[in-house]
Amino acid sequence: MVRIHRYQFCAILVFFLSLSASNSASTFLSEGIFGHHIAQGRNLLQAKTACPVNFEFQNYTIITSQCKGPQYPPNLCCKALKDFACPFTEQLNDLSNDCATTMFSYINLNGKYPPGLFASECREGKEGLECPALAPSLSANASGSQMTGKPAKALILGTTFIVLLLQVF
């Protein structure tokens, strides 16, 4: 009977370790946020939902103070874009809402940037722009915006793991 418990314990341990490993990975800003995704099938006819983040009242100085023309240096512009947008990766990568379009409209309105500047300059790989797996910046928090993260998911997984561990012993 003890052997069954050990196998169950090992299976549970492997399961939760794999879940925690997937949660600790960095997040990305998808290439789709730049507006170059091709809608397929019924997506052409479906209206996008309103963005849950109010981008109208965000602080855009993080971008406008660093990304200046006429040169628009890619290293400064892309870093500033990531600093601003990474706290909103979950909403921006959700292609069923209009967050990406709304955010870039306000960025262009506040910075008077040429069309497609960020889409053409900011590339990091096939996944999109990599965002550090850190807490959202203070600028996003101070503006009263919605914060995203995964601490609640990790807390639930950790608690479940401990409960299952206690039941085994």
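The values are calculated or read from the model by the stated rules, or taken from the named source; none is laboratory data. Quick caveat: nothing in here was measured; it's all calculated off a predicted structure. So basically every Cβ, Gly included, is an ideal-geometry build from the backbone, and we count neighbours across all protein chains shown.
Things worth noting here:
- Residue within the range 98-118 that is assigned to a helix (DSSP H, G or I) and more than 15 Å from E56 (Cα to Cα) present: yes
- Filtered residues of the range 56-87 (kept if among the small types (G, A, S), assigned to a helix (DSSP H, G or I) and in contact (Cβ under 8 Å) with a residue 40 or more places away in the chain): A85
- Residues that are surrounded by 17 or more Cβ atoms within 10 Å (Cβ to Cβ) and without any contact (Cβ under 8 Å) to a residue 24 or more places away in the chain within the range 90-131 comprise just one, D94.
- Among the residues of the range 88-97, those identified as within 11 Å of the chain's Cα centre (by Cα) and either of a type in the set (A, V, I, L, M, F, W, C) or part of a helix (DSSP H, G or I) (or both) are F88, T89, E90, Q91, L92.
- When we screen L138, L134, L81 for residues that are modelled with pLDDT of 95 or more and under 20 Å from the mean Cα position of the chain (by Cα), the only hit is L81.
- Among the residues of the range 45-55, those that are assigned to a loop (DSSP other than H, G, I, E, B) and either among the aliphatic types (A, V, I, L, M) or buried (at least 19 other Cβ atoms within 10 Å of the Cβ) (or both) comprise L45, A47, A50, C51, V53.
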